[in-house]
Amino acid sequence: MTRYVVSKWRKTVAIQKNAHLSQFVPETLRMTRSTLLRLLKQYEMVYIKPEFGSFGKGVMRVERLGTGFRYQFGRKIRTFNAYASLYNSILVQTSGKRYLVQKGIRLLEYGGSKFDIRVMVQYSPNRAWETTGIIGRVAAKNKIVTNYHSGGKIMAASRLLRKHTSQAESKLLALSKLGVQTGKAMKRAFPGVRVIGLDIAMDETLHPWILEVNTNPDPYIFKKHPDPNVFKKIMRYAKAYPK
């Protein structure tokens, strides 16, 4: 049984099929000339990302403006008057790789930088899914991805959320439950999966959106968690996975 699922598309389809979880998944399609244009017309801002890849590499933000279009790739921003010019430029950047296009979620900010939340969920030695860690990731200045390996900063999720709500702890509890529900759905689709890392965006209404599900999430970012027992537990569970 496969423990690692690398296709972002297959993982997205798996959780979209769940009636409860589908409300937390931004509309996501395989990117073509027509699907990109359709979602731009519908949402005005989208993200495109390679179907296969990690650490936020290759992710672009694409926007429809009043009279044109623009995209941001890394810190580089380009604008276009015509959709054809935009799409042709994107094709150059994507180098023939398969990409997905996803409804853009406007992330909450901390100190002027966007942030999202990583939820670590593991299949415990007691054979039950358990959320073992939640931590925040703040994007480097003027960057669109929050990944630590792309310059993002790791911070306590509660500290980030308290800037936006007095109900931070209840929001984190809800994310913990969402993580367990997602773990169960993933295991039904991919029985070999033992651990997932959810990348969660919170919009201005504090609705959580599952941007991506990772089946080989980096546990070491949790060394920066304010509670050292969180990282210890994550590693203890990891060592208990069947080889």
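Along the charge dipole of the range 103-243, which of Thr165, Gly183, Pro228 sits closest to the positive end, that is, farthest toward it, with unit charges on the beta carbon of Lys, Arg, Asp and Glu (+1, +1, -1, -1)? Comparing the listed Cα positions along the dipole, Pro228 ranks first. Rg and Dmax of the range 12-146, based on Cα coordinates, read 16.6, 57 Å. Relative to the longest principal axis of the Cα atoms of the chain, the long axis of helix 168-189 makes an angle of roughly 90 degrees.
For the pair Ala84 and Met45, the difference between a 0.36 nm per residue extended length and the Cα-Cα distance amounts to 12.3 nm.
Can you tell me what the convex hull of the Cα atoms of the range 177-243 projects to on average, as an area in nm²? Average of the hull's projected areas for the range 177-243 equals 5.5 nm².
Summing charges over neighbours of Leu91, with a neighbour being any other residue whose Cβ is under 11 Å away from its Cβ, gives +2 when K and R count +1 and D and E count -1.
Seen against the Cα atoms of the chain and their longest principal axis, helix 83-94 is set at about 50 degrees.
Helix 228-239 and the longest principal axis of the Cα set of the chain meet at an angle near 90°. Here r is the Cβ-Cβ distance between Lys97 and Asn229 and R0 is 35 Å; the resulting FRET efficiency, rounded to 0.05, is 0.30.
Altogether, the Stokes-Einstein calculation at 20 °C and 1.002 mPa s, with the Kirkwood radius of the range 94-243 over Cα pairs as Rh, returns a diffusion coefficient of 134 µm²/s. Give me the log10 of I(q) over I(0) for the range 28-103 at q = 0.21 Å⁻¹, as the Debye formula computes it from C-alpha points; what are the numbers? Summing over Cα pairs of the range 28-103 leads to -0.88.
With a threshold of 30 Å on the Cα-Cα distance, the over-threshold entries among Lys41/Lys224; Lys17/Lys224; Lys49/Lys141; Lys184/Lys232; Lys97/Lys224; Lys97/Lys171 are Lys41/Lys224; Lys17/Lys224; Lys97/Lys224; Lys97/Lys171.
Here, each number is a calculation from the coordinates, and none is a lab measurement. In this text the structure is predicted, and so the values were computed from the model without any measurement. Please note: Cβ atoms are built from the backbone with ideal geometry, for glycine as well, and neighbour counts cover all protein chains shown.
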